[in-house]
């Protein structure tokens, strides 16, 4: 068993501190350090040592950037897009409930969750000046509407 694997399995802080120090020393640039921090934290999480690695990384005042890590970027972008979409669905739903409580389609949530972030964003912008629920729920393409 490789030493790093047993270290994470036992999650001894002094051993993890040493691994973090070695990773920081071996990094040749800030970008490399950022990526190494993201990767090490991710892998440590698999071994239930993520909190200790994160604490040691912070204690050493080392930067971590999950957003730019090649391994993490795709997941980070996906999670961000999902969060944006969920936020927009909630805001559009609340706007419809407040402005047009009697005109909300029963399947509104499933229709909204099927839309892209760009479509939801356009819908949110229309909701500001909308005079009806259909003004909000009309999707970009002509003659397409989420109305009832």
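The values are calculated or read from the model by the stated rules, or taken from the named source; none is laboratory data. Keep in mind it's a predicted model, so treat the numbers as computed, not measured. Every residue, glycine as well, gets a Cβ built from its backbone with ideal geometry; the counts of neighbours run over all protein chains shown.
Checking the structure you have, find out if any residue of the stretch 74-87 is in a helix (DSSP H, G or I), at pLDDT 70 or above, surrounded by 18 or more Cβ atoms within 10 Å (Cβ to Cβ) and in contact with a helix residue (DSSP H, G or I) (Cβ under 9 Å, 6 or more places away or on another chain).
Yes - at least one qualifying residue is present in the stretch 74-87.
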task: Identify, by number, the condition in (1) loosely packed, with under 13 Cβ neighbours inside 10 Å; (2) modelled with pLDDT of 85 or more; (3) touching a strand residue (DSSP E or B) at 6+ places or on another chain (Cβ under 8 Å) that residue 137 doesn't meet.
output: (1)
query: In the list 51, 67, which residue meets the criterion of being surrounded by fewer than 16 Cβ atoms within 10 Å (Cβ to Cβ), at pLDDT below 90, closer than 30 Å to residue 29 by Cβ and in the same structural domain as residue 15 (by TED's automatic domain parsing)?
result: 51
Within the stretch 106-133, tally of residues that are assigned to a loop (DSSP other than H, G, I, E, B) and surrounded by fewer than 16 Cβ atoms within 10 Å (Cβ to Cβ): 6
